[in-house]
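Visitor: Could you have a look at this structure, given as structure tokens, before my questions?
The values are calculated or read from the model by the stated rules, or taken from the named source; none is laboratory data. Note that the structure is a prediction, hence the values are computed from the model and not measured. Heads up, the Cβs are rebuilt from the backbone with ideal geometry, glycines too, and the neighbour counts pull from every protein chain shown.
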Amino acid sequence: MTTLFDPIKLGPLTCPNRIWMAPLTRGRATREHVPTELMVRYYAQRASAGLIISEATGISVEGSGWPYAGGLWGQEHVQQWRKVTDAVHAAGGRIFAQLWHMGRIVHPSLHGVQPVSASATTAPGSAHTYEGKQPYVEARPLAINEIPRLIGDYVSAACNAIDAGFDGVQLHAANGYLIDQFLRDGSNHRTDAYGGPIENRIRLLREVTQALIDTVGANRTAVRLSPNGDSQGVDDSRQAELFTAAAAMLDALGIVFLELREPGPDGTFGKSDRPPVAPLIRKVFKGRLVLNSDYDFARGQAALAAGAADAIAYGRKFLANPDLPYRFQQGIALNADDQKTWYSQGAEGYITYPAASA
Ligand SMILES: Cc1cc2nc3c(=O)[nH]c(=O)nc-3n(C[C@H](O)[C@H](O)[C@H](O)COP(=O)(O)O)c2cc1C
């Protein structure tokens, strides 16, 4: 029976366990989106994860809209991320970069331009900006002749990720950001080859994933989806069919793993009363499947034992417990995360959570 402590092969890597760190935006880079020394320490502290998936990292100015989030479009970004990956590797770890274009979630106050999306839609609620919370603005639909340039931005960020020493890349296609805005019919009203039927709405996901594979290899390309229910106002009328088709397409491309974020009705970071699509996806996606959202040790073990997943991604538990695998193994009580410091600047609530193994 598979357990969380069993190693797992991931392309050229061997992950020593199946307790992975989920991507977590923490807002500790500079205003120019350059990683800081604090980030070097934070990621190195968490190197005992089977795999670290980095915080969402902007592929371009256009796609980057979170204050103090990391970026991967400039040489300064590459140089500082290199310190992060070196420190993780020196501590015995492995790390993928999560590649992020936020689409309509980018507020113009950050870079002075109207956000882009599949269609002219506006996200509900308000954006985190340097001037506090501000209502989202309507996005401009990407013209079809801009898509090659967009794919080029993903490719150049992926090249930069490899130059910076990351072991691979994860395309962020979840949580209501740009790729998700194209996937779902609630936000994609296009009438061209990227809108309408499911095979058209999964086209951008396919083309970007293929471009990443061509750039870094299928062995180093992963994808994250969030199939069940609304994410930042992005939703679909036939989620099971859409995401099963997307997963079958990703299976055919041969990506190294697929991660699914699917909260339940009692979720503590997003909720959904729609059933998870993971059981259907498991049938069509034969590669490594990683599940996330509200997993604890027992639920994680049970999912692996039942054959529902190959690894579990832990978000807030890794945020607050740098030595999560050791704590799980020894049955040591976990630190609770402090929501006030999720996105605050500075060391507090970032590198100050104590390790039991220290
Ligand atoms: C502070 C914080 C930041 C997050 N940032 C990201 C992110 O950058 N990319 C992403 O895909 N998900 C992000 N998420 C979602 C988490 O990866 C994960 O799906 C969520 O925390 C549920 O998992 P958990 O119950 O193990 O914490 C974030 C969640 C939190 C709490």
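Visitor: If you scan segment 26-45, which residues turn out to be under 19 Å from GLN339 (Cβ atoms) and either at pLDDT below 95 or surrounded by 20 or more Cβ atoms within 10 Å (Cβ to Cβ) (or both)?
Guide: Result: ARG26, ARG28, TYR42.
To keep it simple, each residue is scored yes or no on (1) at pLDDT 95 or above; (2) out of contact with any helix residue (DSSP H, G or I) (no Cβ under 6 Å at 6 or more places or on another chain); (3) surrounded by 18 or more Cβ atoms within 10 Å (Cβ to Cβ); (4) part of a loop (DSSP other than H, G, I, E, B).
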position: ALA123; (1), (2), (3), (4): yes, no, yes, yes
position: GLU138; (1), (2), (3), (4): yes, yes, no, yes
position: ILE151; (1), (2), (3), (4): yes, no, no, no
position: ALA158; (1), (2), (3), (4): yes, no, yes, no
position: VAL169; (1), (2), (3), (4): yes, no, yes, no
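Visitor: I've got another one for you. Among the residues of segment 303-317, which ones are over 20 Å from ILE332 (Cβ atoms) and not in a strand (DSSP E or B)?
Guide: ALA303, LEU304, ALA305, ALA306, GLY307, ALA308, ALA309, ASP310
Visitor: Further question: Tell me, which residue of segment 240-297 that is of a type in the set (Val, Ile, Thr) and outside any loop (DSSP other than H, G, I, E, B) is farthest from the chain's Cα centre (by Cα)?
Guide: Residue satisfying both the conditions and the ranking: VAL284.
Visitor: Could you tell me which of the residues GLY65, GLY50 is away from the ligand (no atom under 13 Å from the Cβ), in contact (Cβ under 8 Å) with a residue 12 or more places away in the chain and crowded, with 22+ Cβ neighbours inside 10 Å?
Guide: Only one candidate qualifies: GLY50.
Visitor: On to the next question. Name the residue that is nearest to PHE182 (Cα to Cα), counting only residues in segment 107-120 that are assigned to a loop (DSSP other than H, G, I, E, B), in contact (Cβ under 8 Å) with a residue 12 or more places away in the chain and not aliphatic (A, V, I, L, M).
Guide: SER119
Visitor: Tell me the residue from PRO279, PRO322 that is within 27 Å of VAL169 (Cα to Cα), more than 13 Å from the ligand (Cβ to nearest atom) and crowded, with 22+ Cβ neighbours inside 10 Å, please.
Guide: PRO322
Visitor: In addition: For ALA252, are the conditions met, namely being hydrophobic (A, V, I, L, M, F, W, C), away from the ligand (no atom under 16 Å from the Cβ) and within 21 Å of GLY176 (Cα to Cα)?
Guide: So ALA252 fails the test.
Visitor: Just give me the residues in segment 328-343 being in a helix (DSSP H, G or I) and within 14 Å of the ligand (Cβ to nearest atom), in sequence order.
Guide: Selection gives PHE328, GLN339, LYS340, THR341.
Visitor: Residues in segment 300-319 that are within 12 Å of the ligand (Cβ to nearest atom), under 20 Å from LYS283 (Cα atoms) and not aliphatic (A, V, I, L, M): how many?
Guide: Here the count works out to 1.
Visitor: So which of ALA91, ALA29, ALA47, ALA118 ends up being farther than 25 Å from SER344 by Cβ and either of a type outside the set (Ser, Thr, Tyr) or in contact with a helix residue (DSSP H, G or I) (Cβ under 7 Å, 6 or more places away or on another chain) (or both)?
Guide: One residue alone meets the criteria, ALA118.
Visitor: For segment 173-207, name all the residues that are of a type in the set (A, V, I, L, M, F, W, C), surrounded by fewer than 23 Cβ atoms within 10 Å (Cβ to Cβ) and more than 19 Å from VAL155 (Cβ to Cβ).
Guide: ALA193, ILE198
Visitor: From the set of residues in segment 220-245 that are surrounded by 21 or more Cβ atoms within 10 Å (Cβ to Cβ) and basic (Lys, Arg), which is farthest from the ligand (Cβ to nearest atom)?
Guide: The extreme case among them is ARG220.
The rows are residues; the columns are (1) closer than 16 Å to LEU183 by Cβ; (2) touching a residue at least 60 places away in the same chain (Cβ under 8 Å); (3) basic (Lys, Arg).
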{"site": "THR244", "(1), (2), (3)": "yes, no, no"}
{"site": "GLY270", "(1), (2), (3)": "no, no, no"}
{"site": "ASP273", "(1), (2), (3)": "no, no, no"}
{"site": "LYS286", "(1), (2), (3)": "no, no, yes"}
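Visitor: Let me ask another. Name the single residue, out of those in segment 73-106 being within 16 Å of the ligand (Cβ to nearest atom) and either hydroxyl-bearing (Ser, Thr, Tyr) or assigned to a loop (DSSP other than H, G, I, E, B) (or both), that is farthest from TYR177 (Cα to Cα).
Guide: Here the residue is VAL106.
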